[in-house]
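Input: a single structure, listed below in structure tokens.
The values are calculated or read from the model by the stated rules, or taken from the named source; none is laboratory data. Keep in mind it's a predicted model, so treat the numbers as computed, not measured. For neighbour counting, all protein chains shown are included, and Cβ atoms are generated from backbone atoms with ideal geometry for every residue, glycine included. With ligands, DNA and RNA removed, areas are computed over all heavy atoms of the protein, side chains included. Shrake-Rupley method; radii C 1.70, N 1.55, O 1.52, S 1.80 Å.
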Amino acid sequence: MKTLTCTTPGTFEYSETEKPELKKDHAIIKIKRIGICGTDLHAFEGTQPFFNYPRVLGHELSGELVEADGTDGFKIGEAVTFIPYFNCGECIACRMSKPNCCVKMQVCGVHVDGGMREYLQVPSRTLLHGESLSYDELALVEPLAIGAHGVRRADVQPGEFVLVIGAGPIGLGTMEFARIAGANVIALDINEDRLAFCKDKLKVAHVVNAIQPDVVQQLSDITNGDMPTVVIDATGNQKAINNAINYMAHGARFVLIGLQKGDLIFNHPEFHKRESTLMSSRNATIEDFEHVIKSMKAGLVNPTNYITHQVKFEEVKDEFESWLDPKNGVIKAMVSMGN
């Protein structure tokens, strides 16, 4: 089968590899769509934590179920996606019903080879029904689930002001699910085109450019002097994370979805006086995936809004580097495999 491997930072190579042989309690998916996410881009750049080369990238996936064992309720030939976080089921996190932060976590396309190939074998328990959604939509369930999980971690309540920092694909999904939870959403980014997308496509009522000198005053004005009671970082940018403490209301929750390699450094008195709550948000759970699929089916979120670039699998090697350039306006690149 055709396979595309990131051999070293900045280098992709196509090759022919063996199609997987079905194992007990596993399923084989014929890959149809591969969404390109920040993890893939960072891996190509050489800036992704917890990463080794060579690696077959790709974890935002959808396809056709072609072989299966231990998959009650699934039919050969149906469209599926899956939860790409392979947990051990035995560690303290798994026993606490937090498989998304399993001690021995193996994320598809990060710790183990992913879906930039024609066929992929996954544990049967990770499969999700397509629910009549398109392959494009199904490939976007996972990144949206990341945002949905962050919103659930924050326990967003109706009427709250929620500031989402970063208007990339994860941030955009976070905004959508904060809105679905009933929040008043504020988008903060340095890219005017992204902020315009938030306003025009996602109908985010409040957008603020982080470069402006009066960000704190703007946030105060929007929130009637209170400041946001939930701040969610979706940038993975150290400066953005360090600054965010200044944007929080007293008693607020600060959730980190974005991940950067360095230390967290912010002013302790500013954090302390607010009696702030700091949380990380890693991956997502089946509840989040199901919430996303249900929201898609109900028309509460239109994931295809995010797809700005579409290429064939054979074109990825030549096109991939261009997706790193902000001038090209990539929000979500979608790769098609086969028909």
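Hey, in the GNM for the chain with a 10 angstrom Cα cutoff, which one of M175, M116, M105 fluctuates hardest?
Judging by the Gaussian network model, the answer is M105.
Which far-off residues, 5 or more places away or on another chain, put their amide H under 5 Å from the one on I186, with H placed in the peptide plane?
V162, L163, V164
In vacuo Debye scattering of the chain, one point per C-alpha: log10 I(q)/I(0) at q = 0.09, 0.13, 0.14 Å⁻¹?
With one equal scatterer per Cα and no solvent, log10 I(q)/I(0) is -0.47, -0.98, -1.13.
Work out from phi, with θ = phi - 60° and the Karplus expression 6.51 cos²θ - 1.76 cosθ + 1.60, the ³J(HN,Hα) of each residue of the stretch 261-273, listed in order in whole Hz, and give x for Gly and Pro.
Going residue by residue, I get 7, x, 7, 7, 9, 8, 5, 4, x, 5, 5, 5, 5 Hz, with x marking Gly and Pro.
What is the angle, in °, between the Cα long axis of helix 286-297 and the longest principal axis of the Cα atoms in the chain? Nearest 10 is fine, range 0 to 90.
Value to nearest ten degrees: 90.
Using a 10 angstrom cutoff on alpha carbons, build the Gaussian network for the chain and name the most mobile of I293, I257, I265.
Result for the chain, Cα springs under 10 Å: I265 fluctuates most.
Let's see if you can work this out: charge +1 on each Lys and Arg Cβ, -1 on each Asp and Glu Cβ, no other charges. What is the dipole magnitude of the chain about its Cα centre, in debye to the nearest 20? Please list the in-between numbers first.
Values: 33 positive and 43 negative charges, 114 e Å.
With Lys and Arg at +1 and Asp and Glu at -1, about 540 debye.
Which residue, chosen from V231, L65, N305, occupies the Cα position most advanced towards the positive end of the dipole of the chain, where the dipole is computed from +1 (Lys, Arg) and -1 (Asp, Glu) charges on Cβ about the Cα centre?
Working it through, the farthest residue towards the positive pole turns out to be V231.
Which aspartates and glutamates, if any, have their Cα less than 19 Å from the Cα of K312, not counting same-chain residues under 8 positions apart?
Candidates past the 8-residue exclusion: E13, E16, D40, E60, E64, E118, D136, E137, E321.
To the nearest µm²/s, what D does Stokes-Einstein give for the stretch 112-158 at 10 °C and 1.306 mPa s, using the Kirkwood radius over alpha carbon pairs as Rh?
Numbers: Rh = 13.2 Å.
Estimated via Stokes-Einstein, D reaches 120 µm²/s.
Where nothing but the Cβ of Lys and Arg (+1) and of Asp and Glu (-1) is charged, how large is the charge dipole of the stretch 147-280 around its Cα centre, in debye to the nearest 20?
Numbers: 12 positive and 14 negative charges, 63 e Å.
My answer is approximately 300 debye.
Show me the GluC sites (Glu not before Pro) within the stretch 1-45 that DSSP assigns to loop and that have at most 16 other Cβ atoms within 10 Å of their Cβ.
On the way: sites: E13, E16, E18, E21, E45; in loops: E18, E21.
Filter output for the stretch 1-45: E18, E21.
In whole Å, what three semi-axes, largest first, describe the equivalent ellipsoid of the stretch 147-280 built from its Cα gyration tensor (square root of 5 times each eigenvalue)?
Values: eigenvalues 76, 50, 48 Å².
Those come to 19, 16, 15 Å.
Farthest toward the dipole's positive end in the chain, which of H272, A205, S132, given Cβ charges of +1 (Lys, Arg) and -1 (Asp, Glu) about the Cα centre?
Positive-end residue among those listed: H272.
For the chain, which longest stretch is free of loop sites, where a loop site is one of the trypsin sites (Lys or Arg not before Pro) that DSSP puts outside H, G, I, E and B and that has at most 11 other Cβ atoms within 10 Å? Kindly include the intermediate steps, with their values, before the conclusion.
Values: sites that count: K24, K75, K203, K261.
For trypsin sites (Lys or Arg not before Pro) (loop position, at most 11 other Cβ atoms within 10 Å), the longest site-free span of the chain is 76-202.
Quick check of the Kirkwood formula: for the stretch 209-339, what is the inverse mean of 1/r over all pairs of different Cα atoms, in Å?
Working: mean 1/r = 0.0555 Å⁻¹.
Over the stretch 209-339, the inverse of the mean reciprocal pair distance is 18.0 Å.
Compare V112, V156, V230 in a GNM of the chain, Cα atoms joined below 10 Å, and give the one with the largest fluctuation.
So, out of V112, V156, V230, the one fluctuating most is V112.
Please report, as a whole percent, how much of the solvent-accessible surface of the chain comes from carbon and sulfur atoms (probe radius 1.4 Å). Write down the numbers at each step before the final one.
Numbers: 7380 of 15380 Å².
That fraction is 48 percent.
What whole-number distance in Å separates the alpha-carbon centres of the stretch 210-234 and the stretch 126-195?
Cα centres, the stretch 210-234 to the stretch 126-195: 19 Å.
How tilted is helix 169-180 with respect to the longest principal axis of the chain? Cα atoms for both, answer in degrees (0 to 90, nearest 10).
70 degrees
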